[in-house]
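The block underneath contains the structure these notes are about, expressed in structure tokens.
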Amino acid sequence: MRSSIVLRSSASAAKAQNQASVLKTKLNNGLKIVAQDNNGAVSQLVLAFRAGARYQSAAQQGLIHHIRNFVGRDAQSYPGLQLVWSAAASGASLSSFATRDIFGVQISVPREQAAYALSILGHVAAKPAFKPWELEDVTPTILADLAHKTPYGIVFEDVHRAAFRNDPLSYSLYSSKREVGAFKSEELSKFAQKHFVSGNGVLVGINVNPSTLKDYAEESGAISEGLHVTNQAAPFRGGDIRRFARGNSVHVMLAGSGAAVNNVKARAIQSVLLQHIGRSSPLQFASLPGTQSALKILPDGVPGSAFQAAYDGSGLVGVYLIATPSNADTVVRTTVDALRNVKVQDLEVCKRRAVTDILFSAESASLSAYENATNALYKGPEQSELIAEINKVTAKDVEEFAKTAFKRFAVSTYGNADRIPYSEDL
Amino acid sequence: MASLARSGGFAVKVISGSQPHANFVAATPAAASVVAFREVPAEFSTAEARQAQVTRSTQGVFSNGLAVKGINVTSRRLAHTDVTFPDMTNYRRDSTKNTQAAARDSEDQRRALPTALYYGAGGVLSLWAGKEVVQTLVYYKAMAADQRALASIEINMTDIPEGQTKTFEWRGKPVFVKHRTKAEIAKEKAVTVGDLRHPQHDDERVQKDEWSVVIGVCTHLGCVPIANAGDFGGYYCPCHGSHYDASGRIRKGPAPLNLHVPAYSFKDNTIVIGSS
């Protein structure tokens, strides 16, 4: 972004009220609106739908990846280039994103341009045309995504397959190589017509005037009216996926059954448990997990960190490790042992770090926008509710939660995976 | 613009505070040539760096493992990486299609046309210039035109056997010298002069009966007649069919006059044309 725009935006932001204003509402057609004005210079706008990877059918795996990479191509009423150029000309950056629960488009834009960017957002996200000949341009971008997967990305996708087996939450966010280009325009349009509708959507704006957001949602008509789409339950089952690759390390993900989005208590307990297991501080030069953490049992040179992934109805909680073939077996077994025998002695420290983590992540407007969108679409708690709930967590809660969560494991590995124990043997 | 729309990805450096990330580097073009790595890369050398990476990867409740594609990220476009070089194969010579071969190896093939043009056109021009030089020299050294107009030629009589006609050039015109047989002489002497279009007796046209000397230019329109041809055993003009007899008199056809007899004289064993 040009510095002149930033300066102008900061100046106008400073002139605005110092009071942050929040709006959370639902329109008559079912569209949800979440607006939070922190008076920042750059607006983050997200239009998201209940249309993540879990809404694909078993025969459609990879569809969401195609839809995501189709963003920025022609919309129903405007050529894609015109929309993308207009976004660029107003200083915006535009990206499309998907998780298993939601799909959407995000724009970061100087706040004076927010109303203009919103009008682009509506067409780009909710009215894609999926012109058949554009598939040829989209296919290489999908292949590029596949070629640039990171080891973490690979084990993270695989642990879902292991944990949820054949249920929809196991579907990858990425198309498999053999399905690249396999989806026809009609199939994509059909999915869009069903899912990109008001009953399924949420419009999130950070650092934007709430009334701007509401006026656009009520008056533009860019988002067609439509009904809420339900999803299929995907209980945690556990299992193994291993992917072999050359090299001297092995990336391991051990996951147990975690909290669902709308379960406030479980999510509060889970975020305290994560701190107990071990997460490094977000501050620089403080990246080793705390001495009190459960992961202190890891040998030198084996990094590990707790992770969580919450979805509608199910969730994952566990640990990500990078081991070597020689120590992989002991590292996995001792980690599992530590997870199953949680004894929380530094509860207060864990709680405060959990709250700090949440507040730090709120510093990033784009991350907050994603989290707000998921929480709004799946009845998740607001930040303040979650923090209040964390303060009520007891050591006994955490220990019991860990016991049920880590009864069974889902294990995914990438690299030299010969020595990794199978989940049944853990 | 197509490439602009395709470029993207997050590259964020945070000095303090939470560290947002994208687990997947978003698309760069030229994807067809990119292959997924088959080896676990050892990017993070120190324990601290590895731990920091692991922590960053696992951050977030919903944005953990988020798949993001940048649609337009205007300030991060790397023109040199996303503009592919156009394929010019269709416009290249066959000899230069192999990009691995050194240029000097294909020099002969590549330079064939210029070489052919240079030596072909150049050769023709030098030949012409050479001819001009030689011609100029020859004209310069040759006899002057005023002298040549008064020149006479000598013809060796032994060179022409009886019954034959030979052609010589004299003052730019052909001269027929005919060594007549007895039968021809008798035949020409016996012709009735009154029947001729241009009445001349054979005696008026020869100095010695055996030798008839005439200028080989048809009196009709100036063609050169063919010797020993025609209905009368003399000359025949192929242009309009004038027949002359063995004394060079017109007998048939459009020509109005007999072939001219130049001034000539006998000297020992030669005929000198141009002197009387």
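With only alpha-carbon pairs counted, each pair once and no self-pairs, how large is the Kirkwood hydrodynamic radius of region A:61-160 in angstroms? Let's see the in-between values first.
Numbers: mean 1/r = 0.0684 Å⁻¹.
That comes to 14.6 Å for region A:61-160.
Candidate cross-link partners of residue B:182 among the lysines, defined by an alpha-carbon separation under 29 Å and a same-chain spacing of 8 or more, comprise B:166, B:173, B:208, B:252, B:267.
When 1/r is averaged over all different Cα pairs and the result inverted, which Kirkwood radius in Å belongs to region B:89-142? Walk me through the numbers before you get to the answer.
Details: mean 1/r = 0.0698 Å⁻¹.
Over region B:89-142, the inverse of the mean reciprocal pair distance is 14.3 Å.
If you wrap the tightest convex hull around every Cα atom of region B:182-227 and split its volume per residue, you get 91 Å³.
All C-alpha to C-alpha distances of region A:345-426, sorted into 10 Å bins beginning at zero, yield P(r) values of 14, 29, 30, 24, 2 percent in whole numbers. Only Cα sites of region B:153-273 enter the Debye sum here, all with the same form factor; the resulting log10 I(q)/I(0) across q = 0.10, 0.11, 0.15 1/Å is -0.26, -0.32, -0.60, listed in q order.
Given a Förster radius of 41 Å and the C-beta distance between residue B:113 and residue B:133 as r, what FRET efficiency does 1/(1 + (r/R0)^6) yield to the nearest 0.05? It comes out at approximately 0.85. With a ≥ b ≥ c the root eigenvalues of the C-alpha gyration tensor of region A:155-294, is it rounded (a/c under 1.5), prolate (a/b larger than b/c) or oblate? Oblate. Working note: Cα gyration tensor of region A:3-219, eigenvalues times five, square-rooted, sorted largest first, giving semi-axes of 32, 19, 18 Å. Between residue A:137 and residue A:224, what is the label-point separation in nm under the 7 Å Cα-to-beta-carbon projection? If labels sit at residue A:224 and residue A:137, their model points lie 2.3 nm apart.
Report the semi-axes of the equivalent ellipsoid for region A:157-215 in whole Å, largest first, where each axis is √(5λ) for an eigenvalue λ of the Cα gyration tensor.
On the way: eigenvalues 197, 70, 27 Å².
That gives 31, 19, 12 Å for the three semi-axes.
Pairs with C-alpha atoms separated by more than 20 Å, drawn from the list A:214/A:265; A:24/A:392; A:149/A:177, are A:214/A:265; A:24/A:392.
Pairwise Cα distances in region A:142-185 exceed 17 Å for 39 percent of all pairs. Shielding value for A:94-101 is 6, the average number of Cβ atoms from other chains within 10 Å of each residue's Cβ.
So for the protein assembly as shown, what percent of the C-alpha to C-alpha distances run longer than 45 Å? Intermediate results must be reported in sequence, preceding the final value.
On the way: 111401 of 246051 pairs.
Every Cα pair in the protein assembly as shown considered, those over 45 Å come to 45 percent.
Roughly speaking, what is the stretch gain from residue B:106 to residue B:265, that is 0.36 nm per residue apart minus the C-alpha to C-alpha distance, in nm to one decimal?
Value of the extension gain: 49.8 nm.
Looking at region A:239-425 from every direction and averaging, what is the projected area of its Cα convex hull in nm²?
Values: hull surface 42.5 nm².
The orientation-averaged projected area of the Cα hull of region A:239-425 comes to 10.6 nm².
Rounded to the nearest 5, the antiparallel percentage of DSSP beta bridges internal to chain A is 80%.
Computed from the coordinates by the stated procedures, all read-outs in this text should not be read as laboratory data. Model, not experiment: these values are computed from the prediction. Don't worry about glycine lacking a Cβ; one is built from the backbone with ideal geometry, like all the others, and counts go over all protein chains shown.
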